[in-house]
Amino acid sequence: MAKRQNLRRHDRASSAAKVEIGWGGETGCPRSTVTACRDVSPGGFRVVTRDAIPMHSRVQFRFISANFRGSASVRAVRTVREGYEIGLEFSGMEQSELARLNLLAPVAAAN
């Protein structure tokens, strides 16, 4: 079987930063959760939640310790033992804002 090519535009760095995420639920009612970030890159971040957030949904986020906030869109949803692994892509972030990601990722990624 052929190896799957890495399609990532950016390297990921491990993170355990707490992040608050808000989105519009299926019925239009606002939903939110606080969870730990799994990893972060200049393109986005990954979290695990108990709730599935629909693909292509727009979410608002805030990394609590760094008071880093903005919006992102859901690019991947995968069922995992703990719930749902959600891949989020930053939307409309300035390069200067993305430079603050060093505060969120204290452990560098291996590759």
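Quick note: the coordinates plus some simple rules give every number you see, no bench work behind them. What you see is a predicted model, and the numbers here were worked out from it, not measured in a lab. Here Cβ is always computed from backbone atoms with ideal geometry, including for glycine, and neighbour counts include all displayed protein chains.
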Open item on the list: Can you compute the equivalent ellipsoid semi-axes for the stretch 13-94, i.e. the square root of 5 times each eigenvalue of the Cα gyration tensor, sorted largest first and rounded to whole Å?
Closed with: 17, 15, 12
TODO: Over the stretch 13-94, calculate the relative contact order: mean separation of alpha carbon pairs under 8 Å at least 6 apart, over the residue count, as a percent.
DONE: 28
Task: In sequence order, calculated HN-Hα J values of the stretch 32-41 (Karplus, 6.51, -1.76, 1.60; Hz; x Gly/Pro) - done: 7, 7, 10, 8, 9, 6, 8, 7, 9, 8
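Could you give the size of the charge dipole of the stretch 13-94 about its Cα centre, using +1 on the Cβ of each K and R and -1 on the Cβ of each D and E, expressed in debye and rounded to the nearest 20? Write down the numbers at each step before the final one.
Values: 11 positive and 8 negative charges, 20 e Å.
So the magnitude is around 100 debye.
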